[in-house]
1. Across the stretch 15-124, what fraction of all alpha-carbon pairs, as a whole percent, falls in each successive 5 Å bin from zero upward?
2. Evaluate the stretch 202-252: find the radius of gyration of its Cα atoms, find its Kirkwood radius, and give the ratio Rg to Rh.
3. In Å, what Kirkwood hydrodynamic radius results for the chain from the alpha-carbon pair distances?
4. Share of antiparallel DSSP beta bridges in the chain, in percent to the nearest 5?
5. With the calculation restricted to Cα positions, what are the radius of gyration and Dmax of the stretch 1-52 in angstrom?
6. In nm², what is the average projected area of the convex hull enclosing the Cα atoms of the stretch 62-144?
7. Which whole-number percent is the relative contact order of the chain (Cα, under 8 Å, 6+ apart)?
8. Run the numbers on the stretch 1-52 and let me know its relative contact order in percent, using alpha-carbon pairs under 8 Å that are six or more apart.
């Protein structure tokens with residue numbers, strides 16, 4: 001039982017990391033708080049210390065360095081559209097950001113928070129009393145996945161809207177920890193384990209999302225959800241096409257991690273859909289049924305490719 005909760009607001013990345021390393025009752029970095037605080041109020045995240053990193057100015061900047069665009073992790077989703085380089089080279093990122101939550105939340109939510117958004121499941125993201133009434137699942141110390149009846153794996157859904165677009169564009173991320181800086185492919189941080197969906201060290205701070213400016217491609221984006229605001233995705237599809245005819249399809253909402261399919265334009269819709277369906281571990285843990293979401297994968301891939309070929 002955590003007797004006392006702490007709140008701290010460091011002025012630098014180094015200070016924030018040092019504070020994190022000193023905690024014994026758990027901690028969480030918080031910025032926009034649109035995901036973290038909701039999970040806290042639902043009883044899905046209980047920590048002894050909240051480390052507010054919004055005062056770290058260098059995390060809120062967008063810069064162009066050589067052939068790279070660097071987006072600070074604290075850049076608000078609402079502000080992505082205001083930067084000329086993003087509007088020119090990555091308009092699909094603005095489209096995806098505008099599909100997150102609602103206009104009010106986008107004024108607070110950050111791009112770093114969205115790509116680190118916690119996986120979701122209709123049997124887990126409920127109030128504490130609801131979860132107790134239906135029976136605790138694998139993600140909250142139960143012994144069975146309620147969605148599947150299995151005891152070995154959690155299939156909570158990867159639901160970031162911006163990450164599929166970023167992955168389709170070949171994004172990397174810059175992580176800072178007490179030992180220094182590490183740059184990795186964004187795709188590589190997602191584990192496919194619904195209980196522990198990311199393999200980023202807990203004390204690390206996401207500093208930048210890095211996008212290449214020396215590659216010519218177009219990206220199309222689609223999102224399935226019950227309402228046009230607020231709701232998390234039931235299926236996100238981002239498809240990129242470069243000048244050489246290389247295609248990358250990235251799915252969200254249908255697996256504990258992003259589903260990535262690489263190929264060439266001549267492979268066609270049917271082949272991309274076949275591979276995407278084979279790799280997607282879709283279960284009935286969403287508002288829409290498993291069958292319908294699988295059907296919409298092919299529909300969205302076809303629509304995206306048609307848009308890119310116009």
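1. The calculated distribution, bin by bin, is 2, 10, 19, 21, 19, 13, 9, 5, 1, 0.
2. Values: Rg = 15.0 Å, Rh = 13.6 Å.
My calculation of the ratio gives 1.10.
3. Hydrodynamic radius (Kirkwood, Cα pairs) of the chain is 20.0 Å.
4. In the chain, approximately 85 percent of DSSP beta bridges are antiparallel ones.
5. 10.9, 31
6. 7.4 nm²
7. Taking the mean separation of contacting Cα pairs over the length of the chain, I get 16 percent.
8. With pairs under 8 Å counted, the relative contact order is 55 percent.
No value in this document is a laboratory result; all are computed from the given coordinates. All figures in this text were calculated on a predicted structure; none of them were measured in a lab.
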